[in-house]
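The values are calculated or read from the model by the stated rules, or taken from the named source; none is laboratory data. Remember, predicted model here, so these are calculated numbers, not experimental data. Note: ideal-geometry Cβ built from the backbone for every residue, glycine included; neighbour counts use all protein chains shown. Just the protein is used for accessible areas: all its heavy atoms, side chains included, with ligands, DNA and RNA removed. Shrake-Rupley method; radii C 1.70, N 1.55, O 1.52, S 1.80 Å.
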Amino acid sequence: METVYVTYKSNGEDFRFDRDYFESEHLPLVRRAWEKYGLISSTAVYPKGESDIIVVAVNEFRDEQAAIAAFGSPESEEVMNDIARYTDLTPGRLRGVSFTY
């Protein structure tokens, strides 16, 4: 399984992040756009404590090729364009391999 973490970090200034929109509109859009390419799940994690990370979207894909296909798909344009609707922060992306015990 391939995991893609999309992180949103505070810019240290005033920023906009609409958590309701992110959860009710953006994450379902991500699922609709990328499930056909092998997206298994997409969830949000809100770290507690003194961190500059606002939220991490955890996207689990069937494998590395599925993640590459999803992010390179025509549907990705709609997903990326939607970001401006809920934040003015620039997301970062990390990839990793997941495994289960």
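Does region 2-101 come out rounded, prolate or oblate, given a ≥ b ≥ c as the square roots of the eigenvalues of its C-alpha gyration tensor, rounded meaning a/c under 1.5 and, failing that, prolate meaning a/b above b/c?
It comes out oblate by the Cα gyration axes.
Which of Val56, Val79, Val45 moves the most in a Gaussian network model of the chain with Cα springs under 10 Å?
In this elastic network of the chain, the residue with the biggest mean-square fluctuation among Val56, Val79, Val45 is Val45.
If exposed GluC sites (Glu not before Pro) are those in a DSSP loop with at most 14 other Cβ within 10 Å, what is the longest stretch of the chain that has none?
Of all site-free stretches, the longest is 51-101.
What is the local net charge at Leu89, summed over the other residues whose Cβ is closer than 9 Å to its Cβ (Lys, Arg +1; Asp, Glu -1)?
Computed value for this residue: +1.
Could you do me a favour and compute the accessible area per residue for region 1-67, 1.4 Å probe, result in Å²?
Spelled out: the 1.4 Å probe surface of region 1-67, per residue, equals 58 Å².
With a sphere of radius 14 Å drawn around the Cβ of Asn11, what net charge do the other residues whose Cβ falls strictly inside it have (Lys, Arg +1; Asp, Glu -1)?
-2
Tell me, what ³J(HN,Hα) does each residue in region 21-31 have, in order and in whole Hz, if you take phi through Karplus 6.51 cos²θ - 1.76 cosθ + 1.60 with θ = phi - 60° and put x for Gly and Pro?
Here the 3J(HN,Hα) series is 5, 4, 6, 8, 10, 6, 4, x, 4, 4, 4 Hz.
DSSP loop (so not H, G, I, E, B), at most 15 other Cβ within 10 Å: list which trypsin sites (Lys or Arg not before Pro) in region 20-59 pass both filters.
Lys48
For region 79-95, in order, what is each residue's ³J(HN,Hα) by Karplus, 6.51 cos²θ - 1.76 cosθ + 1.60 with θ = phi - 60°, in whole Hz (x at glycine and Pro)?
Running phi through 6.51 cos²θ - 1.76 cosθ + 1.60 with θ = phi - 60° gives 4, 5, 5, 6, 4, 4, 6, 10, 7, 10, 7, 9, x, x, 9, 10, 10 Hz.
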